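To start, the structure itself, in structure tokens.
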Amino acid sequence: MNEAIVRHKTLGKTDMVLFTVSAILLLDTLAAGASIGASSIFWWFFLGIVFFVPFAMICAEMGCTYPEQGGIYAWVRNAFGSRWGSRVSWGYWVNTTVWIPAIYILFAGILKQLFMPDLSLHGQIIIGITLIWTTVALNAVTLDVGKWVPNLGAIFKIAVFIFIIAGAILFTMQHGMANSISLKTLAPVWDSSVQYIPVIIYGMLGFELVSSSSDEMIDPARDVPRSIFISGFIIIVLYMAATVAVLAALPADEIDLVEGLVDTLKMFFGFDDNGKIFVFILGIAALYTFFSNGVTWALGCNRAVAEAAVEGELPGLLGLESKSRGTPVGAAVAMGIFGSLTLLLYGYLANSNEDLFWSLFAFSAVIFLLPYIGMLFAFIRSRKLDIDRTRPYRVPGSDGMAIFLAYVCIAVLALSIALFIYIPGEGLQLQVLLGALVMIMIGEGLIRYSETQNRSRSE
């Protein structure tokens, strides 16, 4: 008989708000979003209305209606069966495994910019691998300890965003805007810059992440919707304001995906010795937020994939948990190995830090968006078939309106995937498409293998 895993109730509403802000509010994609130019403000506003708000409401309903350990995996499994739940969990986990090396390479690039100008790409890769395994170690401790990494990350992240916004106000009063903002420039333009529109969508995802740790929440039915709406308001306001701030500092066509953040801080504050020190302090805070992003997503995703493995729907090694702490040790170690190998492989092929970051990011993003389509279909199915379920929070309006909003979100996600694979003006991104297909095929193989093993044990 297996010993029961003990999980401590440690997550309150404040923890969940900070956890969600840490997961979703991304400094690492701020420069990429701003590089679209002034039209990025239009896209933030438009996508905030048609995607961000409906998606947040759907996550709030699912999180408090089905407060199960595993979050998005459990929702899809309940709706469509274990195989589809496992597919979602695999995609969710693989994305994080590839995305974490991307943000840690960004970490290393900013570290180079601030303190180590001669640091080679190989040195940056070593730093990235070190951070990956530090993340693995933090996944092995309980959330009453591990939660402080995303909590502090959220606080530092909000502080950096506020200083960027304040700096932009002071800067524009003296120097004006580096980019013209008018009705003409705000209008969306369909050219190669649309490759960064999915980055905005990417920056709106993650509300469901905290639900992966529902067994460790004090009161999920009460706190999940409250934390989602509080964090959602904070996130969208800061994102839009910070995008305007970057556009105030740097011409859109000169924004570097890796160095754009620090370049912005230098424009606002780095005009004297005291200002340069302040830039260093904010840079260090930004570095910590990149690290906390990785830890936050790993905490949620490793728990989701471990739940699938415990159910026998993925290889058992991924479900190995600490009996004393209830933490997903197997999934965390596998993430460390896979992430390190991915970083080494793509690092060998890349020509620069920026090239390496975008290659990893685009590849992971396609895999990342697919599980959310599954989650939204699970929501639609739950509204149609599980009509007697008590829902502490419901998406406002009729069932038909809620389902319509879910389909709108699905359409936005599908368009985002298409824009990662095919960029207008540049053509098919074959390396992104092939990488995504290979990961899907590996996952399918592991799922079928696990099903075969389960049947053998039951016979």
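The values are calculated or read from the model by the stated rules, or taken from the named source; none is laboratory data. What you see is a predicted model, and the numbers here were worked out from it, not measured in a lab. Every residue, glycine as well, gets a Cβ built from its backbone with ideal geometry; the counts of neighbours run over all protein chains shown.
Go through the residues of the stretch 124-145 one by one and say whether even a single one is among the polar types (S, T, N, Q), part of a loop (DSSP other than H, G, I, E, B) and in contact (Cβ under 8 Å) with a residue 40 or more places away in the chain. Looking for residues that are among the polar types (S, T, N, Q), part of a loop (DSSP other than H, G, I, E, B) and in contact (Cβ under 8 Å) with a residue 40 or more places away in the chain, one finds at least one in the stretch 124-145, hence yes. Could you say whether any residue in the stretch 135-143 is surrounded by 19 or more Cβ atoms within 10 Å (Cβ to Cβ), at pLDDT 85 or above and of a type in the set (Gly, Ala, Ser)? Checked the stretch 135-143: no residue is surrounded by 19 or more Cβ atoms within 10 Å (Cβ to Cβ), at pLDDT 85 or above and of a type in the set (Gly, Ala, Ser). Of the residues Ser82, Ser89, the single one that is in contact with a Leu (Cβ under 9 Å, 6 or more places away or on another chain) and within 16 Å of Val310 (Cα to Cα) is Ser89.
Within the stretch 296-318, the set of residues being crowded, with 24+ Cβ neighbours inside 10 Å and either among the hydrophobic types (A, V, I, L, M, F, W, C) or touching a strand residue (DSSP E or B) at 6+ places or on another chain (Cβ under 7 Å) (or both) comprises Trp297, Ala298, Leu299, Cys301, Ala304, Val305, Ala306, Ala308, Ala309, Leu314, Leu318. For the stretch 286-315, taking the residues that are among the small types (Gly, Ala, Ser), more than 15 Å from Leu18 (Cβ to Cβ) and modelled with pLDDT of 80 or more, the one that is farthest from the chain's Cα centre (by Cα) is identified as Gly312.
Examine the stretch 427-449 for a residue that is more than 26 Å from Leu318 (Cα to Cα), more than 24 Å from the chain's Cα centre (by Cα) and of a type outside the set (A, V, I, L, M), and state whether such a residue exists. Yes, the stretch 427-449 contains a residue that is more than 26 Å from Leu318 (Cα to Cα), more than 24 Å from the chain's Cα centre (by Cα) and of a type outside the set (A, V, I, L, M). So which residues in the stretch 393-445 are hydroxyl-bearing (Ser, Thr, Tyr) and closer than 21 Å to Tyr346 by Cα, if there are any at all? Correct list: Tyr422 only.
Modelled with pLDDT of 80 or more, closer than 28 Å to Asp118 by Cα and outside any loop (DSSP other than H, G, I, E, B) - does that describe any residue in the stretch 316-336? Yes; the residues of the stretch 316-336 include at least one that is modelled with pLDDT of 80 or more, closer than 28 Å to Asp118 by Cα and outside any loop (DSSP other than H, G, I, E, B).
In the stretch 205-245, the qualifying residues are those that are of a type in the set (D, E, K, R) and either modelled with pLDDT of 85 or more or assigned to a helix (DSSP H, G or I) (or both), and the one that is farthest from Gly167 (Cα to Cα) is Asp215. Based on what the data block shows, is Tyr449 hydroxyl-bearing (Ser, Thr, Tyr), under 30 Å from Gly339 (Cα atoms), out of contact with any Ser or Thr (no Cβ under 8 Å at 6 or more places or on another chain) and part of a helix (DSSP H, G or I)? Yes, satisfied. Looking at Phe404, Phe379, Phe291, Phe338, just one residue is over 20 Å from Ile200 (Cα atoms), out of contact with any Cys (no Cβ under 6 Å at 6 or more places or on another chain), free of Cβ contacts under 8 Å to residues at least 60 places away in the same chain and not acidic (Asp, Glu), and that residue is Phe404. Restricting Ser364, Ser359, Ser352 to residues that are more than 30 Å from Gly312 (Cβ to Cβ), surrounded by 21 or more Cβ atoms within 10 Å (Cβ to Cβ) and touching a residue at least 12 places away in the same chain (Cβ under 8 Å) narrows the list to Ser359.
The rows are residues; the columns are (1) more than 30 Å from Ser382 (Cβ to Cβ); (2) out of contact with any Phe, Trp or Tyr (no Cβ under 6 Å at 6 or more places or on another chain); (3) of a type in the set (Ser, Thr, Tyr); (4) part of a helix (DSSP H, G or I).
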{"position": "Gly400", "(1), (2), (3), (4)": "no, yes, no, yes"}
{"position": "Phe404", "(1), (2), (3), (4)": "no, yes, no, yes"}
{"position": "Cys409", "(1), (2), (3), (4)": "no, no, no, yes"}
{"position": "Ala414", "(1), (2), (3), (4)": "no, yes, no, yes"}
{"position": "Ile417", "(1), (2), (3), (4)": "no, yes, no, yes"}
{"position": "Val432", "(1), (2), (3), (4)": "yes, no, no, yes"}
{"position": "Val438", "(1), (2), (3), (4)": "yes, yes, no, yes"}
{"position": "Glu444", "(1), (2), (3), (4)": "no, yes, no, yes"}
{"position": "Arg457", "(1), (2), (3), (4)": "yes, yes, no, yes"}
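Restricting the search to the stretch 170-179, which residues are among the aliphatic types (A, V, I, L, M) and surrounded by 14 or more Cβ atoms within 10 Å (Cβ to Cβ)? Correct list: Met177, Ala178.
From the list Leu114, Leu106, the one residue that fits, being surrounded by fewer than 24 Cβ atoms within 10 Å (Cβ to Cβ) and farther than 20 Å from Ile417 by Cβ, is Leu114. Here is a check on your reading of the model: is Glu313 among the acidic types (Asp, Glu) and in a helix (DSSP H, G or I)? So Glu313 does not fit the description; no. Considered as a group, the residues in the stretch 146-162 that are within 15 Å of Thr134 (Cα to Cα) and under 16 Å from the mean Cα position of the chain (by Cα) include one that is modelled with the lowest pLDDT, and that residue is Pro150.
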